[in-house]
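Structure record follows, encoded as structure tokens.
The values are calculated or read from the model by the stated rules, or taken from the named source; none is laboratory data. Quantities reported herein were computed from a predicted structural model and do not represent experimental measurements. Please note: Cβ atoms are built from the backbone with ideal geometry, for glycine as well, and neighbour counts cover all protein chains shown.
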Amino acid sequence: MRYLTARKRAVGRGASHTGTAHHWSMTVSSVGLAFLVPVWVYVFGSALGSDQATVVESFARPFPAILTALVLVIGMRHFAMGATVLIEDYAHGTARKMLIIFVISLATVVAATGLFALVRIAL
Amino acid sequence: MLWLGLAVQAAVSEKESDMADVKRVERPLSPHLQIYRPQLTSITSILTRITGNALIVGIVLAVWWLLAAASTPASFAVANAVATSWFGDLVFTASLWAVWYHYLAGLRHLYFDAGHGLDIGTAEKLGWGCIGGSVVLTLITILIV
């Protein structure tokens, strides 16, 4: 038996039934990325254009490897959630569901591919 | 008019969704993207979304290049040739501006969320700050990296 009343269960959850969880998640990931991305742009930009041995050497070091992993995991989650809202604004019905599934899958595949590459380079 | 009422009732019970059609009326629309006069605040907001989503192109290219670096010399030669070609330069330079624009616009959103800068004058100044700042930061990054 549930002791919460129906009203108590509804308060604070809004039309989405998830309250502000989505917005808060985007806020948290945006703050994280604000610290990570400028440093990653420098690391990636410095490695781009080098020969393969130099690229492997630079991403094998702990700081660039961990930084890249964080940017991929947090960044792709931030992208998937942001792109989901974009789709929800402009697509409807089955197209909406298919597009949302597509962007979440794309983000997951990109993150997994990048992590696999990092593991191969750094370990 | 009793026959009309009965006919409507019969039609409605035949197909439940007709009820919604019968009640559908022309309601006024709130101004939306296609009919709202473009303003600095709306343009800078839309650009935030466009830059954020477009960044997937640059990240896919970057991850492909990284995967190639982790694989054979032949695959790295192909990915590196694309990443350092005029096409790669175009994608990464555009992505660099996009990431800085999205960065500044994101900071502006955090500032808005905290309840600051919401009057028109400040919001427009911050908008110009995002546009100008992103160009300046892009040029600085190109010079440094």
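Here B:Gly127 passes the criteria (1) under 28 Å from A:Ala112 (Cα atoms); (2) surrounded by 14 or more Cβ atoms within 10 Å (Cβ to Cβ) except the one numbered (1). Take the conditions (1) crowded, with 18+ Cβ neighbours inside 10 Å; (2) over 22 Å from A:Ile104 (Cα atoms); (3) of a type in the set (A, V, I, L, M); A:Leu72 misses just one of them, which is (2).
To keep it simple, each residue is scored yes or no on (1) away from chain A (no Cβ under 11 Å); (2) closer than 23 Å to A:Leu72 by Cβ; (3) among the charged types (D, E, K, R); (4) in contact with a helix residue (DSSP H, G or I) (Cβ under 6 Å, 6 or more places away or on another chain).
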| position | (1), (2), (3), (4) |
| --- | --- |
| B:Ala69 | no, yes, no, yes |
| B:Thr72 | no, yes, no, no |
| B:Ser75 | no, yes, no, yes |
| B:Thr84 | no, yes, no, no |
| B:Asp89 | no, yes, yes, no |
| B:Trp97 | yes, yes, no, yes |
| B:Trp100 | no, yes, no, yes |
| B:Leu104 | no, yes, no, yes |
| B:Ala123 | yes, no, no, yes |
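Rundown of residues vs (1) within 17 Å of B:Gly58 (Cβ to Cβ); (2) in contact with a strand residue (DSSP E or B) (Cβ under 7 Å, 6 or more places away or on another chain); (3) surrounded by 14 or more Cβ atoms within 10 Å (Cβ to Cβ), yes/no style:
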residue	(1), (2), (3)
A:Arg13	no, no, no
A:Thr18	no, no, no
A:Ala47	yes, no, yes
A:Ala53	no, no, no
A:Asp89	no, no, no
A:Ala122	no, no, yes
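Residues in the range A:104-116 that are touching a residue at least 40 places away in the same chain (Cβ under 8 Å) and facing chain B (nearest Cβ under 8 Å): A:Gly114 alone. Selection over the range A:1-40 of residues that are among the polar types (S, T, N, Q), farther than 19 Å from B:Ala105 by Cβ and either at pLDDT 90 or above or over 26 Å from the mean Cα position of the chain (by Cα) (or both) gives a count of 2.
Restricting the search to helices (runs of 4 or more DSSP H) fully inside the range A:1-103 and requiring at least 1 residues that are within 9 Å of another protein chain (Cβ to nearest Cβ) gives A:21-47, A:52-60, A:62-90.
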